[in-house]
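Q: This is the structure I have questions about; it appears just below.
The values are calculated or read from the model by the stated rules, or taken from the named source; none is laboratory data. This structure is a prediction, so every number in the text was calculated from the model and none was measured. No Cβ is skipped: glycine too gets one built from the backbone with ideal geometry, and neighbour counts run over all protein chains shown.
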Amino acid sequence: MIPILSFSEFIELILKVLIFPGLAFPLLFAMIVIWFERKFLARIMLRIGPLHVGPLNRTGLFQPIADFLKLIQKEIIVPDNAYKFLYNIAPIMASIVASMSVAFIPYAPKPDGGYWMIYYTPLSLLVILAIFTARPFIMVGAGWASNSKYCTIGALRAALQLLAYEVPITLSLASIVIMSGTFDLAKIVETQSSIWFIILQPIGFIVILIAMMAELSRRPFDIPLAEQEVVFGWPTEYTGTQFALVMVSEYFDLCAVTSLITVLFLGGWSGPVIPLLNDISPILSGVFWFFLKMAILTVIIIMGRGIYPRLRIDQLLDTGWTLLIPLAIIQIIITLLTAQWWLPLVRGA
Amino acid sequence: MSVMKLSMGPQHPITGHFRFILDVDGDLVLKLEPDIGYTHRGIEKLAEKRTYLQNLPVIERVNSYCDSAGTMLGYLEAIEELMGLEVPERAKYLRVIAAELNRIASHLYAACLFSVATGLETMLMWPINDRELVLDLLEKLTGQRITYTYQTIGGVRFDMPEGFKEEALKRLDYLEKRTEDYYKMLLWNHTFHMRTKKVGILKPSDAIKLGVVGPNLRASGVKVDVRKDEPYEVYDKFDFSIPTGKNGDSYDRLEVRFKEVEQSINILRQALKDIPKGPIKKWAPPIVPKGEAYTRVEAARGEFGYYIVADGTMKPYRLKMSPPSFRNLIALPHLCKNVPLGDIPVIYISLDLIPMDVDR
Amino acid sequence: MVVDIIRPFFLGFYHAFKRTFTVKHPFVRLKPTDRYRGRVVLNIDRCISCRSCVNVCPNKALEMVKFEKKLIPQYDAGRCCLCNLCVEICPAIALSMSYEVEFSEYTRKGLIHTPDRFSQPPKPIAEKTVTVKILDKKRGVAHK
């Protein structure tokens with residue numbers, strides 16, 4: 001039997017799905033981050049960056065919107081030899097899959113119990129992990145379906161890259177689960193109320209940050225997209241709206257990944273209560289801290305593009321297998337050995 | 001997976017106006033075949049139809065966006081040798097100043113292309129910004145930014161403007177300090193080491209056998225520099241050293257260029273200090289006497305040879321150029337055997353080839 | 001090794017707060033130096049119709065045409081390589097180089113400057129011009 005929602009519950013659901021963790025939030029995040037990335041990298045390079053479009057004088061704030069509007073006017077070109085169904089569906093799949101994981105992340109506690117998230121499940125960490133594994137296969141599918149040489153090489157590189165980062169991510173999540181004793185992201189945040197996991201597990205944090213940068217194909221690890229080598233990798237053949245979807249899906253992914261790391265290591269919404277925001281709504285204070293932590297992580301991930309050259313695919317695999325996996329295992333061992341010290345801190349007396 | 005033929009360029013983010021035909025097996029390149037000729041302009045033939053003076057703006061366009069002042073010197077040397085013309089001392093110094101400033105600009109450009117090939121775009125912008133200082137100096141001296149037509153038969157066309165010396169010394173000091181940041185950002189960057197060290201190793205014996213010239217040869221450890229071996233203009237009056245590399249890999253080829261910038265700054269300081277007073281140009285007749293001459297100069301990319309056959313008219317009978325990029329191109333197929341696809345841009349850019357130099 | 005990995009991070013962050021090098025081009029323009037060689041400008045009154053500029057031009061950018069009962073050179077901006085040879089050879093000092101460099105036209109024909117247009121003085125540059133300068137060591141190079 002379908003449960004009947006009360007009016008306030010219905011409004012809350014609409015708010016969640018359409019505005020805050022749902023539809024508008026990843027889009028807004030993508031827009032701000034694309035603008036910030038272009039402007040910030042430009043400043044590192046001593047350039048100005050986007051300049052003309054937007055409300056504030058010469059900041060180029062609306063440049064991503066202008067780019068998007070330009071892209072949706074373009075013709076969609078499908079290569080003759082492409083496997084058309086997979087080729088057309090891959091960008092849509094990529095953006096849907098990338099934004100799906102946001103639904104399972106708790107952004108703030110509600111004053112009447114429960115959490116501000118779209119769908120609560122006690123196994124949310126597992127669900128997000130499952131969603132993350134889907135993305136490389138969309139890349140491989142799209143690259144193969146394009147039936148172009150550069151796309152094929154890019155897709156193969158994406159598949160190889162999967163081998164490098166998937167295992168370290170899973171292993172460092174394992175030490176988190178050992179410590180908190182649950183797969184529930186909301187519970188994981190609550191166990192960090194006294195001390196954040198970044199302090200208890202610094203090695204795990206570094207491992208997951210590097211592995212997630214590989215997962216996101218950010219600069220030192222953007223091997224499937226390496227423009228100097230394979231033009232643009234697997235999405236080379238995409239044009240117009242499909243290209244826009246592919247690009248936006250990367251930033252949806254960035255949103256999901258920064259949210260996840262914030263929840264796992266940086267204590268989620270925990271932080272001192274801000275009275276001004278708390279007066280408006282008790283959720284806002286938590287959300288503010290969450291956003292601040294997300295922003296710091298985003299800056300760190302974006303900085304990679306301005307300061308590091310790209311690695312080669314064999315060097316990434318080498319780093320993943322000989323550095324990240326041993327480090328993640330060491331972190332698990334340390335976690336197990338030091339259980340008597342962290343247990344009272346985390347689980348509470 | 002079977003071997004795949006991959007056509008890289010001429011529309012590709014890194015190859016410029018080259019086309020490489022690659023045999024790719026998965027991510028491994030078995031063989032590279034360069035396909036040149038996309039920027040062929042027939043400059044050698046054009047030169048036969050123009051007088052010696054009219055050839056000046058044509059010939060500097062062989063290597064226009066990087067090293068036109070250094071390239072031109074060889075042509076002028078050849079003509080002056082045929083005429084038996086003695087160029088005034090001050091003109092020789094000014095020629096060297098223009099050529100060395102241009103060498104700095106060229107090497108900075110090479111550095112920024114190199115960092116793009118490895119995927120670091122920040123170091124594209126920093127050297128380009130500082131190259132602007134050098135180009136601005138050249139604009140003050142010659143009136144143009146990349147194609148100067150500054151040196152002419154029998155001297156140079158303009159004297160040093162007022163306040164040039166002080167400004168130049170100030171900017172050279174800045175460039176020397178600024179190189180520190182390049183080292184921190186690029187050359188000492190661990191990720192950059194991973195990408196460039198032990199990549200594209202050119203052994204000294206192979207380099208000599210293939211006829212590689214310029215900084216690429218010196219990076220392999222062979223101490224050859226026309227400026228020292230066969231001094232032209234006034235290079236014998238300066239005190240400078242020839243930097244050489246140890247391993248001959250891509251990293252060394254970039255490091256040698258950075259060290260050469262330091263040596264160029266060194267030469268420029270001496271030249272600006274010692275420059276004598278006097279005329280800057282000697283009148284030269286438009287007709288070159290019958291004869292043949294071969295000269296070689298050290299352009300930024302390496303040894304640039306000119307062979308001129310004059311038949312006693314105002315136009316050359318034949319002008320043959322052997323540009324450095326063409327001679328370095330032969331090393332590329334040699335180096336790109338059984339390397340990962342990701343190393344192709346690094347090796348290609350480390351040789352510092354430019355297509356228009358190759359094609360003429 | 002760890003230092004080499006972390007150092008660029010701080011260096012990059014430090015540069016993000018430096019003064020930008022590029023200028024906002026259409027609003028601000030680079031000031032050409034005194035010797036800058038742009039479009040050739042003809043002084044019709046001084047021209048003695050000697051053809052020496054036409055003869056010396058490497059690219060055949062100049063061509064003699066009839067203008068007010070006099071043979072006057074006509075200038076093709078699309079062919080000119082700004083080499084200054086014609087200015088140097090002119091016996092009557094009728095030719096000079098100006099700072100104007102923006103030649104773009106919609107048609108190929110529009111690039112041809114008839115004697116009338118050839119003798120026009122150059123257009124003024126934008127109100128705000130800058131030159132490249134070394135500020136102190138901390139702030140680096142900038143246009144000012």
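Q: Could you please give the count of residues in region B:325-338 that are touching a helix residue (DSSP H, G or I) at 6+ places or on another chain (Cβ under 7 Å) and either more than 17 Å from B:K203 (Cα to Cα) or not small (G, A, S) (or both)? Break it down into steps so the answer makes sense when it comes.
A: Step one: of region B:325-338, the residues touching a helix residue (DSSP H, G or I) at 6+ places or on another chain (Cβ under 7 Å) are B:325-326, B:328-332, B:334-336.
When the remaining residues are screened for being either more than 17 Å from B:K203 (Cα to Cα) or not small (G, A, S) (or both), the result is B:325-326, B:328-330, B:332, B:334-336.
Counting residues in region B:325-338 that are touching a helix residue (DSSP H, G or I) at 6+ places or on another chain (Cβ under 7 Å) and either more than 17 Å from B:K203 (Cα to Cα) or not small (G, A, S) (or both) gives 9.
Q: Still on this structure, I have one more. Could you run through region C:30-53 and say how many residues are among the basic types (K, R), under 12 Å from the mean Cα position of the chain (by Cα) and not in a loop (DSSP other than H, G, I, E, B)?
A: Looking only at that region, the number is 0.
Rundown of residues vs (1) within 15 Å of the chain's Cα centre (by Cα); (2) among the charged types (D, E, K, R); (3) outside any helix (DSSP H, G or I), yes/no style:
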position: A:K187; (1), (2), (3): no, yes, no
position: A:M212; (1), (2), (3): yes, no, no
position: A:I261; (1), (2), (3): yes, no, no
position: A:K293; (1), (2), (3): yes, yes, no
position: A:L297; (1), (2), (3): yes, no, no
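Q: For region A:72-109, which residues satisfy the criterion of being among the charged types (D, E, K, R) and over 15 Å from A:P235 (Cβ atoms)?
A: A:E75, A:D80, A:K84 - these are the residues of region A:72-109 that are among the charged types (D, E, K, R) and over 15 Å from A:P235 (Cβ atoms).
Q: Just one of (1) within 12 Å of chain B (Cβ to nearest Cβ); (2) of a type outside the set (D, E, K, R); (3) in contact with a Gly (Cβ under 7 Å, 6 or more places away or on another chain) trips up C:P8, so point out which.
A: Every condition holds for C:P8 apart from (3).
Q: Go through region A:12-55 and report how many residues are surrounded by fewer than 19 Cβ atoms within 10 Å (Cβ to Cβ), within 14 Å of chain B (Cβ to nearest Cβ) and of a type in the set (V, I, T).
A: So the count comes out to 1.
Q: Another question about this same structure. Just give me the residues in region B:157-173 being part of a loop (DSSP other than H, G, I, E, B) and among the aliphatic types (A, V, I, L, M), in sequence order.
A: Result: B:M160, single match.
Q: What residue, among those in region B:162-173 that are within 10 Å of another protein chain (Cβ to nearest Cβ) and loosely packed, with under 15 Cβ neighbours inside 10 Å, is nearest to B:M125 (Cα to Cα)?
A: Our first condition is that a residue be within 10 Å of another protein chain (Cβ to nearest Cβ); within region B:162-173, this holds for B:162, B:167, B:170-171, B:173.
Add one more test, that the residue is loosely packed, with under 15 Cβ neighbours inside 10 Å, and what stays is B:162, B:170, B:173.
Working: B:E162: 30, B:K170: 22, B:D173: 20 Å.
Across region B:162-173, the extreme among qualifying residues is B:D173.
Q: Would you pick out the residues in region C:27-51 that are of a type outside the set (S, T, N, Q), without any contact (Cβ under 8 Å) to a residue 60 or more places away in the chain and more than 13 Å from chain B (Cβ to nearest Cβ)? Quick ask: steps written out before the conclusion?
A: Just the residues of region C:27-51 that are of a type outside the set (S, T, N, Q), to begin with: C:27-32, C:34-42, C:44-48, C:50-51.
Of the ones still in play, those that are also without any contact (Cβ under 8 Å) to a residue 60 or more places away in the chain are C:34-35, C:45-48, C:50-51.
If the condition is that a residue be of a type outside the set (S, T, N, Q), without any contact (Cβ under 8 Å) to a residue 60 or more places away in the chain and more than 13 Å from chain B (Cβ to nearest Cβ), then C:D45, C:R46, C:C47, C:I48, C:C50, C:R51 are the ones that fit.
Q: Checking B:W188 against (1) touching a residue at least 60 places away in the same chain (Cβ under 8 Å); (2) surrounded by fewer than 17 Cβ atoms within 10 Å (Cβ to Cβ); (3) more than 20 Å from B:P323 (Cβ to Cβ), which test does it fail?
A: (1)
Q: Which residues, counting only those in region C:123-141, are at pLDDT 75 or above and over 16 Å from the mean Cα position of the chain (by Cα)? Break it down stepwise before answering.
A: Just the residues of region C:123-141 that are at pLDDT 75 or above, to begin with: C:123-125, C:128-134, C:141.
Result: C:K128, C:V132, C:K133, C:I134, C:V141.
Q: Right, another one. Of A:L345, A:L317, A:L324, which residue is closer than 18 Å to A:L266 by Cα and either part of a helix (DSSP H, G or I) or touching a Pro at 6+ places or on another chain (Cβ under 7 Å) (or both)?
A: None of the others qualify; the one that does is A:L345.
Q: Of all residues in region A:129-146, count the ones that are small (G, A, S) and surrounded by 21 or more Cβ atoms within 10 Å (Cβ to Cβ).
A: Residues flagged as small (G, A, S) and surrounded by 21 or more Cβ atoms within 10 Å (Cβ to Cβ) within region A:129-146 amount to 4.
Q: Being outside any helix (DSSP H, G or I) and either surrounded by fewer than 23 Cβ atoms within 10 Å (Cβ to Cβ) or within 12 Å of another protein chain (Cβ to nearest Cβ) (or both) is the filter here; which residues of region A:218-255 pass it?
A: A:R218, A:D222, A:A226, A:V231, A:F232, A:G233, A:T236, A:E237, A:T239
Q: Hey, another quick one. Hey, any hits in region B:116-124 for a residue that's more than 14 Å from chain A (Cβ to nearest Cβ) and at negative phi?
A: Looking through region B:116-124, none of the residues is more than 14 Å from chain A (Cβ to nearest Cβ) and at negative phi.
Q: Moving on. Given the structure, is A:T298 within 24 Å of B:L28 (Cβ to Cβ) and either modelled with pLDDT of 85 or more or crowded, with 22+ Cβ neighbours inside 10 Å (or both)? Spell out the reasoning first.
A: On the way: within 24 Å of B:L28 (Cβ to Cβ): no; either modelled with pLDDT of 85 or more or crowded, with 22+ Cβ neighbours inside 10 Å (or both): yes.
Taking the combined requirement at face value, the residue does not satisfy it.
Q: Quick check on this structure: which one of A:V257, A:V299 is within 26 Å of A:S180 (Cα to Cα) and not charged (D, E, K, R)?
A: It is A:V257.
Q: Then there is this: Among residues belonging to region B:334-355 that are away from chain A (no Cβ under 14 Å) and touching a Gly at 6+ places or on another chain (Cβ under 9 Å), point out the one that is farthest from B:R41 (Cα to Cα).
A: Within region B:334-355, the match that is farthest from B:R41 (Cα to Cα) is B:L335.
Q: Among (1) of a type in the set (A, V, I, L, M, F, W, C); (2) part of a helix (DSSP H, G or I); (3) touching a Phe, Trp or Tyr at 6+ places or on another chain (Cβ under 7 Å); (4) farther than 24 Å from B:A98 by Cα, where does B:M194 come up short?
A: Only one criterion in (1) of a type in the set (A, V, I, L, M, F, W, C); (2) part of a helix (DSSP H, G or I); (3) touching a Phe, Trp or Tyr at 6+ places or on another chain (Cβ under 7 Å); (4) farther than 24 Å from B:A98 by Cα is unmet by B:M194, namely (3).
Q: Just to verify a result, which residue in region B:260-291, among those that are in contact with a Lys or Arg (Cβ under 9 Å, 6 or more places away or on another chain) and charged (D, E, K, R), is farthest from B:Y182 (Cα to Cα)?
A: Within region B:260-291, the match that is farthest from B:Y182 (Cα to Cα) is B:K281.
Q: Out of region B:42-70, which residues are of a type in the set (F, W, Y) and within 13 Å of the chain's Cα centre (by Cα)?
A: If the condition is that a residue be of a type in the set (F, W, Y) and within 13 Å of the chain's Cα centre (by Cα), then B:Y65 is the only one that fits.
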